[in-house]
Each structure stands twice: as structure tokens, then as C-alpha cells.
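Student: Got a structure here, written out as C-alpha cells. Questions coming.
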Amino acid sequence: MPEGEKTRQCKQEEEQQQKEEKQEGLIEFYSSYQELFQFFCSNTTIHGAIRLVCSKKNKMKTAFWSVLFFLTFGLMYWQFGILYREYFSYPVNLNLNLNSDRLTFPAVTLCTLNPYRYSAIRKKLDELDQITHQTLLDLYDYNMSLTRSDWSTLSTRKRSSRSLLHHVQRHPLRRQKRDNVVSLPENSPSVDKNDWKIGFVLCSENNKDCFHQAYSSGVDAVREWYSFHYINILAQMPDAKALDESDFENFIYSCRFNDATCDKANYTHFHHPFYGNCYTFNDNSSSLWTSSMPGISNGLSLVVRTEQNDFIPLLSTVTGARVMVHDQNEPAFMDDEGFNVRPGIETSISMKKEMTVRLGGSYSDCTEDGSDVPVQNLYSSRYTEQVCIRSCFQLNMVERCGCAYYFYPLPTGAEYCDYTKHIAWGYCYYKLLAEFKANVLGCFHKCRKPCKMTQYQLSAGYSRWPSAVSEDWVFYVLSQQNKYNITSKRNGVAKVNIFFEEWNYKTNGESPAFTVVTLLSQFGNQWSLWFGSSVLSVMELAELVLDLIAITLILAVRWFRSRQQLSPSGPPPNSHDNAAFQDEAPAPSAPHRFTVEAVVTTLPSYNSLEPRGPSRDGEVGHE
């Protein structure tokens with residue numbers, strides 16, 4: 001092939017290769033960081049980025065816009081951090097709704113406020129009264145008036161069982177000097193009685209550890225000491241049904257709801273150790289009362305007996321009745337939410353229903369039904385916070401003391417505490433009670449609030465009942481209908497009215513205050529505020545980051561290959577030193593792109609090759 005034609009072919013191949021390099025590929029990367037940033041700042045939709053390129057000839061402006069750009073970028077992400085923190089704090093909005101509908105009347109529990117001297121435990125209570133009578137005589141020189149003449153007779157005391165006296169003497173009621181933890185052996189020291197506290201001694205089973213359960217008030221000390229022994233007597237009953245001596249007609253003289261008479265199907269009965277016989281109205285879920293109108297005439301009206309005959313004066317120091325309003329399928333905790341009704345008074349209780357619905361999950365630690373609470377529900381009712389707290393204490397009582405407290409339900413396989421079987425249960429109980437109140441047991445942390453609960457806001461009004469002009473005929477009718485024959489008329493009866501104050505009820509609900517939609521909206525507001533751009537601008541930033549990663553990887557690979565090519569390698573054996581005899585085949589790692597350099601030599605003029613004169617030939621031949 002002629003030399004000129006080869007040259008032209010090499011030039012054409014070189015031009016074709018340059019054209020192919022100029023064509024746009026499927027994936028194309030920049031050759032340097034500077035080229036990448038210059039293209040980004042010139043074409044991005046983020047405001048202010050073009051200034052970094054336009055002012056590149058003015059270094060002061062370039063520095064100013066660079067600082068301003070990155071400062072704005074940092075402030076925006078600082079605002080993003082605040083928004084993230086607010087979102088993950090899970091704030092809520094409180095929604096208040098007023099609903100007008102037929103209202104389901106709540107359950108109402110009414111107790112006699114007088115622990116009854118039940119026949120099953122009458123003898124032991126009589127003996128306890130005798131011991132208490134002697135104790136009051138020793139401590140305060142008070143001769144207690146007894147209603148039964150045979151209680152104070154010596155013969156009765158001799159015939160009585162010695163077991164109760166033995167256990168009472170193990171927990172004697174004593175006086176103790178204030179700010180002194182050592183119990184004194186004598187009950188009647190010759191000092192001023194104002195300088196002393198009164199209480200009873202509780203010891204461990206081996207009598208090595210004792211403490212004085214002291215009270216600043218002698219009345220409180222006597223009642224607590226008497227209650228402690230009274231609970232032991234109740235716990236000795238093998239069957240709790242033996243204490244079920246309901247006397248509804250003797251306690252409830254009149255019962256009306258919505259101007260209709262109540263009957264026995266509208267109430268249930270249970271016995272409370274301190275509050276006596278208790279009756280719960282409207283607790284039957286199959287036929288619940290409903291109120292369509294507010295007012296006294298559309299509520300529950302009761303006339304109750306408040307006279308105290310054959311009751312326990314050392315246990316109950318008040319007269320009247322105790323009332324509690326609660327939701328159905330919830331136990332009546334009379335100590336927590338109940339209040340007393342005065343005798344000779346008409347008590348009108350108006351109610352406002354209020355429902356609370358909380359958000360669970362990450363928004364609060366409430367529980368839907370208590371199934372996720374690590375405390376067994378010992379009550380046959382739905383979960384409430386008080387049910388959980390009492391169950392938690394009872395379970396700890398069984399675990400620590402080996403027996404159950406009489407006031408709370410009995411766990412499976414346990415028995416109630418009785419110092420005839422568990423000698424030091426009182427010592428264990430009061431120690432555990434102190435830990436419970438100090439939240440050492442952790443019951444207040446374990447028991448969470450229910451996510452949905454119903455409460456009743458109560459307000460009471462009082463008036464004298466019956467009035468002075470009507471009391472004669474009212475008491476006469478009561479005596480004819482209910483065999484009402486008490487001597488002190490006004491202190492023997494009370495009237496209670498319970499009704500809804502208004503027809504509507506309030507619902508307090510919660511809703512998320514910061515949702516994902518709100519978070520994205522706030523992000524967009526901040527991005528527009530600081531850069532005046534949109535979501536596509538964010539994609540441009542993402543593309544920039546990907547390009548930076550790609551260029552970094554490409555440069556790293558090139559640097560690694562260049563280091564491999566520049567690394568020295570000795571010549572193979574039996575090879576020639578002359579480079580002309582060495583193979584020029586490219587290495588496998590050589591780049592695909594290459595350049596062909598053609599060396600073009602100017603050919604001589606063909607006219608100079610024409611024959612000349614003979615003189616010239618002769619000269620040549622001569623040479």
C-alpha cells in the first residue's frame with residue numbers, strides 16, 4: 001500500500017475516534033471535581049448557587065457567597081433538627097367534644113357505714129371488746145360503757161377462749177415517748193400524756209426485730225389496733241358467705257328511679273369490713289338504667305336508715321351512709337372516691353359525665369385493656385389503675401408474707417392472713433405497706449392509666465330533711481310502712497338524690513399534633529425559606545452526592561492502576577537487552593483508548609531522478 005494512502009487512512013481513523021468520543025454516552029461522568037461543581041452551580045435551581053460561578057473572577061465575592069451559601073445550608077438543617085425533635089416527642093392535641101344523647105346512668109354503691117356484728121363472729125367480737133375495754137381503762141382510765149351486761153362479768157372472761165387474748169398480748173397497745181423509738185415496758189409512766197405517742201408493737205416471727213406502729217392521735221391508734229385484730233377474726237372464717245346477712249328493707253326505706261320503684265333485681269350486695277353492708281344499684285349490664293332528661297325527678301332517689309343498733313362503736317366512729325358513683329364493671333373502692341351522707345339531711349348529688357380517650361403507642365403509656373401490664377388482675381372486673389395497684393400490692397403481700405390481705409381478692413393457691421397461722425404477718429404487712437407508699441415495690445410505675453375511661457364530676461347540695469313542719473307526718477308514714485320506731489327521728493334517716501345536671505356529656509380526645517404530613521410540610525417551608533426551591537432541587541442535591549461518590553471511585557481506581565503500572569519489574573531471563581528486539585504488545589491493563597501517531601516523511605522530487613548528461617554518468621561511473 002502506498003505510504004500516502006496509509007497516512008490518509010490513519011487520519012480518518014483518528015477523526016472517527018474523536019467523533020465517537022464526542023458523542024454522548026449512556027452514563028457520563030465528569031473528569032474533575034471542579035468541572036462537576038461548576039456544572040452544578042451553573043444549572044441548579046437552588047437560589048444563590050450561580051453566584052459561586054459568576055463571581056469566580058472576584059475572589060472576595062466568591063468567598064462571601066460561599067460562606068453565605070453554607071451558612072444558610074447549616075441553618076436550614078438546624079431547623080430540620082428542631083422539627084425532627086418535635087416530631088419524635090409525639091405531641092398531641094386535646095379535642096373537646098360535647099355529645100347530646102341518652103345517658104346511661106352510672107352504678108351507685110351505698111354502704112351502711114356501720115360494720116355489723118355478724119352472728120358468725122359475735123363471740124370473738126365480744127371477747128375483743130372486753131380486751132379493748134380493759135386496755136382503754138389502763139391507758140386513759142376510761143370506763144367504756146358496754147351495751148351488754150355480761151361482757152364485763154368475770155365469769156364470761158374466764159370462759160372465753162385464751163387464743164385471742166394470747167395474740168392480743170403479743171401486739172399490745174402502748175404509749176411511747178415522742179421522738180423515741182424504744183418501746184417502754186410500762187403502759188402508765190408518770191409523765192405528761194401530751195409528751196407521748198400511742199401505738200402497738202409488731203415483731204418478727206423470732207421476736208428479734210420489733211417496731212412501734214405509733215400514731216399522734218389516740219383515737220386513730222385505738223381504731224387501727226382494733227381493726228388489726230378485727231381483720232384477723234374475719235380471716236378465720238372459712239367461708240365468706242357466712243357474713244352475707246343482707247337486710248335491704250331495713251336499710252333502704254325507699255328507692256325510685258325515673259319515678260319508678262326499684263326492686264331487688266336492680267341491686268347487688270357485698271360486705272365491706274369497715275363500711276358494713278353495701279348495695280350497688282344499676283350494676284346489671286343486661287338492663288341498665290338510662291336518663292333522657294336531667295333533673296332530680298329523672299334520677300335515683302333513696303331514703304336510707306342511718307341508725308346504729310348492734311354495731312361496733314370501736315370500728316366506726318361516724319354515722320350516716322357512704323355513697324360512691326362509678327362506672328359499670330368497676331369495683332367500688334369506697335376508701336378512694338366515696339363520701340359520707342349526713343343523717344337528717346337531704347343530699348342532692350348532681351353529675352356531669354366526662355369521657356377521656358388517650359392515644360396509645362408512642363404518644364402515651366396508657367393501656368387498652370391491661371393485657372400488656374405485668375400485673376395479674378385479681379378482680380373480676382375490667383382493668384382500671386386502682387384495680388392494678390391493689391392487685392400489685394396483694395401479689396407482693398403473698399410473695400413476701402406468705403398470705404393475702406383480707407381487704408383485697410384472694411390469689412389462686414393463697415389464704416388470708418391470720419395470726420393463728422401466720423404469727424408475724426402484721427409485722428410483714430406494715431413493713432410492706434411502707435415500701436408500697438414509698439413506691440419501692442414499683443406498683444405505681446407498673447400500673448398504667450387506661451386509654452379509655454369514664455369519670456363523673458360530682459357536686460353536692462344539702463338541706464334539712466324532713467323540715468320542721470313536715471317531719472311528724474313523714475316519720476309517721478315511715479313507721480307504718482317500714483316499722484320505723486327509733487327514738488331519735490332525725491338522726492335515724494337520710495335522703496339521697498343522684499341525677500344528671502345536664503343532658504350532654506363531654507369527651508376529651510387526643511389526636512397527633514405533628515404527623516408525617518405536617519413534618520414534610522414544615523420541611524418544605526424551611527427549604528423554600530432558605531433556598532427558595534422545591535423537591536426537584538433536593539433531587540439535584542442527591543444527584544450531586546452520587547456524582548461525587550462516582551468520581552471519587554473512578555479517581556481511586558485510576559490511581560490504583562497507575563501505581564501498578566509504575567511499579568518496577570525485572571526483565572525476564574534469556575531476553576535481549578536491546579529494546580528493538582522486545583515485544584511491543586500492550587499490557588492487558590492498558591486503556592482501550594489509544595492514539596496512533598504517523599511520521600510523515602517528505603518524498604523527494606521525481607524530477608531529480610531524471611537522467612543527466614554523459615559527463616555526469618562518467619563521473620559516477622568513475623566514482
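Student: For the stretch 252-276, name all the residues that are under 36 Å from the mean Cα position of the chain (by Cα) and either crowded, with 19+ Cβ neighbours inside 10 Å or not in a loop (DSSP other than H, G, I, E, B) (or both).
Tutor: Passing the criteria: Tyr267, Thr268, His269, Phe270, His271, His272, Phe274, Tyr275, Gly276.
Student: Considering only the stretch 510-549, state which residues are among the charged types (D, E, K, R) and exposed (fewer than 15 other Cβ atoms within 10 Å of the Cβ). Don't jump to the end; show me each part of the working.
Tutor: Restricting attention to the stretch 510-549, the residues satisfying the condition of being among the charged types (D, E, K, R) are 510, 540, 543, 547.
If the condition is that a residue be among the charged types (D, E, K, R) and exposed (fewer than 15 other Cβ atoms within 10 Å of the Cβ), then Glu543 is the only one that fits.
Student: Of all residues in the stretch 510-560, which are within 30 Å of Asp365 (Cα to Cα), outside any helix (DSSP H, G or I) and not aliphatic (A, V, I, L, M)?
Tutor: First, the residues of the stretch 510-560 that are within 30 Å of Asp365 (Cα to Cα): 510-523.
Filter once more, keeping what is outside any helix (DSSP H, G or I): 510-515.
Listed by number, the residues that qualify are Glu510, Ser511, Pro512, Phe514, Thr515.
Student: Determine whether Leu68 is modelled with pLDDT of 80 or more and not basic (Lys, Arg).
Tutor: The answer is yes for Leu68.
Student: Out of everything in the stretch 408-452 that is in a helix (DSSP H, G or I) and among the aliphatic types (A, V, I, L, M), what residue ends up being surrounded by the fewest Cβ atoms within 10 Å (Cβ to Cβ)?
Tutor: Across the stretch 408-452, the extreme among qualifying residues is Ala434.
Student: Same structure again: Applying the selection to the stretch 312-356, what residues are out of contact with any Leu (no Cβ under 9 Å at 6 or more places or on another chain), part of a loop (DSSP other than H, G, I, E, B) and open to solvent by 40 Å² or more (accessible area, probe 1.4 Å)?
Tutor: Pro313, Thr317, Asn329, Glu330, Arg342
Student: Let me ask something additional. Between a residue in the stretch 217-233 that is under 16 Å from Ile131 (Cα atoms) and β-branched (Val, Ile, Thr) and any residue that is open to solvent by 40 Å² or more (accessible area, probe 1.4 Å) and in a helix (DSSP H, G or I), which pairs come within a Cβ distance under 7 Å, given they are 6 or more apart or on different chains?
Tutor: Between residues of the stretch 217-233 that are under 16 Å from Ile131 (Cα atoms) and β-branched (Val, Ile, Thr) and residues that are open to solvent by 40 Å² or more (accessible area, probe 1.4 Å) and in a helix (DSSP H, G or I), the close pairs are Ile233/Lys124.
Student: Taking Leu94 as the residue in question, decide whether it is at pLDDT 70 or above, under 30 Å from Asp365 (Cβ atoms) and touching a strand residue (DSSP E or B) at 6+ places or on another chain (Cβ under 9 Å). Give the derivation first.
Tutor: Numbers: at pLDDT 70 or above: yes; under 30 Å from Asp365 (Cβ atoms): yes; touching a strand residue (DSSP E or B) at 6+ places or on another chain (Cβ under 9 Å): yes.
Criteria met by Leu94.
Student: Which of the residues belonging to the stretch 415-458 are hydrophobic (A, V, I, L, M, F, W, C), modelled with pLDDT of 90 or more and under 26 Å from Ser204 (Cα atoms)?
Tutor: Cys417, Trp425, Cys428, Leu432, Leu433, Ala434, Phe436, Ala438, Val440, Leu441, Cys443
Student: Quick one: what pairs do we get from the stretch 73-101, first residue in a helix (DSSP H, G or I), second not charged (D, E, K, R), C-beta under 6 Å, 6+ apart or different chains?
Tutor: Met76/Gln526; Met76/Trp530; Gln79/Gln526; Leu83/Gln522; Glu86/Phe514; Tyr87/Phe514; Tyr87/Leu519
Student: Would you pick out the residues in the stretch 217-232 that are in contact with a strand residue (DSSP E or B) (Cβ under 6 Å, 6 or more places away or on another chain) and of a type in the set (Gly, Ala, Ser)? Quick ask: steps written out before the conclusion?
Tutor: So the first thing to find is which residues in the stretch 217-232 are in contact with a strand residue (DSSP E or B) (Cβ under 6 Å, 6 or more places away or on another chain), and the list is 218, 221, 225.
Hits for the stretch 217-232 are Gly218, Ala221.
Student: Taking Leu359 as the residue in question, decide whether it is under 16 Å from the mean Cα position of the chain (by Cα), assigned to a loop (DSSP other than H, G, I, E, B), over 25 Å from Thr319 (Cα atoms) and modelled with pLDDT of 90 or more.
Tutor: Yes, satisfied.
Student: Look through Ser371, Ser391 and report the one residue that is part of a helix (DSSP H, G or I), small (Gly, Ala, Ser) and free of Cβ contacts under 8 Å to residues at least 60 places away in the same chain.
Tutor: Exactly one of Ser371, Ser391 is part of a helix (DSSP H, G or I), small (Gly, Ala, Ser) and free of Cβ contacts under 8 Å to residues at least 60 places away in the same chain, namely Ser391.
The values are calculated or read from the model by the stated rules, or taken from the named source; none is laboratory data. Keep in mind that what you see is a predicted model, and the values were worked out from it rather than measured. Please note: Cβ atoms are built from the backbone with ideal geometry, for glycine as well, and neighbour counts cover all protein chains shown. Heads up: the accessible areas ignore ligands, DNA and RNA and are worked out on the full protein's heavy atoms, side chains in. Shrake-Rupley method; radii C 1.70, N 1.55, O 1.52, S 1.80 Å.
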